[in-house]
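Written out below as structure tokens is the structure these notes cover.
Taken together, the values in this text are just the output of simple stated rules run on the coordinates, not laboratory data. What you see is a predicted model; the values in this text were computed from it and never measured. Here the Cβ is made from the backbone with ideal geometry for all residues, glycine too, and neighbour counts use every protein chain on show.
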Amino acid sequence: MKELITLIVPCYNEQEVLPLFYEEVSRVTALMPDYGFEFLFVDDGSKDSTLKILKQLSQNDERVRYLSFSRNFGKEAAMYAGFCEAEGDYVAVMDADLQDPPSLLPEMMSIIKNQGYDSVATRRVTRAGEPKIRSMFARMFYKLINKISDADIVDGARDFRLMKRDMVDAIVRMCEYNRFSKGIFGWIGFKTYWLPFENVERAAGETKWSFWKLFKYSLEGIISFSQTPLNIASWIGIFFTIMSFVGVVVVFVRRLFFDDPVQGWASTVCFICFIGGIQLFCTGIMGQYLAKTYMEVKNRPIYIIRETNKKKEEKPHETDK
Ligand code: UDP
Ligand code: MG
């Protein structure tokens, strides 16, 4: 039997681009006759006619499967749903907007087959067509997160990657609520080949990521994969404890030996305000971690499916054989 490749495609309001995507991906898969394909579209609560288009596609092509969420859960949840439902021996994630060129698939597959890698990930070597300020912040983020976390996160890495079944199973086991896939892919390990490519602009439609959304996502990444902010809070605490001890000695000495009159009201007030600010800042850091812990402890489902054309076939248990 042919080996099966599942392509997971998260879609949120992608009605303009879906027909183009389907055309391109059909063209590329026709070039790979040795493999079977499953196109797993995840409709992340789209408000346009994305779902309608997916239904049409699935009627005309039995390789097309769709999962439709009960509301917008975000790209991370959509990818996770894809990983949980994928049936392929190999699984790839790619955006619907053709920014992840499907034409790279044959090359990615041959690297896995011939060079003994478990996955092939892609990396943009240029950020052409992206606002300058966005690129600048993105670079700063990658520098920072690599310094302070042990997950290896490559600058310019896209979520577009092809991987073997074992790796997919490992990802499915990482069932955390606050998901940051770039970190998760790095954390689980396995041998990954990095394939560089030139940035491609969105084929149609608009980006779903505002600057603010990206900023919050980057904080999510830092908090999920690093405890450094908590350590910084502790170090600031230790620093100020030592400083205050020195301060007490100074005040004592001045009072005992120099008999200073009361002075320095302004500096005292500034100092108290400053310390107050630092304390709130550190409490805030702890609050961020606590909030994430709270969401994890609730153990809510990461996504909820409202509609699908095909449920995953339950694999028989060992004992059923
Ligand atoms: N996406 C999603 N849910 C969301 C936002 C985005 O499934 O809440 C999908 C979107 O349909 C696309 C991919 O994630 O396939 C990447 O989104 P986009 O192209 O807007 O991001 P960019 O490439 O600008 O970073
Ligand atoms: Mg895009």
inquiry  = I need a count of the residues in region 190-216 that are away from ligand 2 (no atom under 13 Å from the Cβ) and over 19 Å from K75 (Cα atoms).
reply    = 9
message = Residues that are within 14 Å of ligand 1 (Cβ to nearest atom), of a type in the set (K, R) and within 21 Å of I304 (Cα to Cα): does region 58-80 have at least one?
response = yes
query = Looking at region 81-101, which of the residues that are away from ligand 1 (no atom under 15 Å from the Cβ) and assigned to a loop (DSSP other than H, G, I, E, B) is nearest to the chain's Cα centre (by Cα)?
reply = A86
request  = Provide a single number: the residues in region 208-243 that are within 16 Å of ligand 1 (Cβ to nearest atom) and among the aliphatic types (A, V, I, L, M).
outcome  = 1
ask   = Yes or no: A151 crowded, with 18+ Cβ neighbours inside 10 Å, out of contact with any His (no Cβ under 8 Å at 6 or more places or on another chain) and at negative phi?
value = yes
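To keep it simple, each residue is scored yes or no on (1) in contact with a helix residue (DSSP H, G or I) (Cβ under 8 Å, 6 or more places away or on another chain); (2) of a type in the set (D, E, K, R).
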site	(1), (2)
Q263	no, no
A266	no, no
C270	no, no
G276	no, no
G284	no, no
Y289	yes, no
K292	yes, yes
R300	no, yes
I305	yes, no
inquiry  = Between a residue in region 197-225 that is within 20 Å of N13 (Cα to Cα) and part of a loop (DSSP other than H, G, I, E, B) and any residue that is among the β-branched types (V, I, T) and within 16 Å of ligand 2 (Cβ to nearest atom), which pairs come within a Cβ distance under 8 Å, given they are 6 or more apart or on different chains?
reply    = R202/V17; A203/V17; A204/V17; G205/V17
query = Only one of (1) within 15 Å of ligand 1 (Cβ to nearest atom); (2) part of a helix (DSSP H, G or I); (3) among the aliphatic types (A, V, I, L, M) fails for I112. Which number is that?
reply = (1)
request  = For region 194-207, state whether one or more residues are in contact with a helix residue (DSSP H, G or I) (Cβ under 8 Å, 6 or more places away or on another chain), away from ligand 1 (no atom under 16 Å from the Cβ) and within 26 Å of S110 (Cα to Cα).
outcome  = yes
message = I'd like to know if region 179-191 contains one or more residues that are part of a helix (DSSP H, G or I), touching a residue at least 60 places away in the same chain (Cβ under 8 Å) and more than 12 Å from the chain's Cα centre (by Cα).
response = no
task = Return the pairs, sorted by first residue and then second, in which the second residue is of a type in the set (K, R) and outside any helix (DSSP H, G or I), the first residue lies in region 86-110 and is within 15 Å of E201 (Cα to Cα), the beta carbons are less than 7 Å apart, and the residues are 6+ apart or on different chains.
result = D97/R202; Q99/R202; D100/R158
message = Among the residues of region 54-75, what is the count of those that are crowded, with 23+ Cβ neighbours inside 10 Å and part of a helix (DSSP H, G or I)?
response = 1
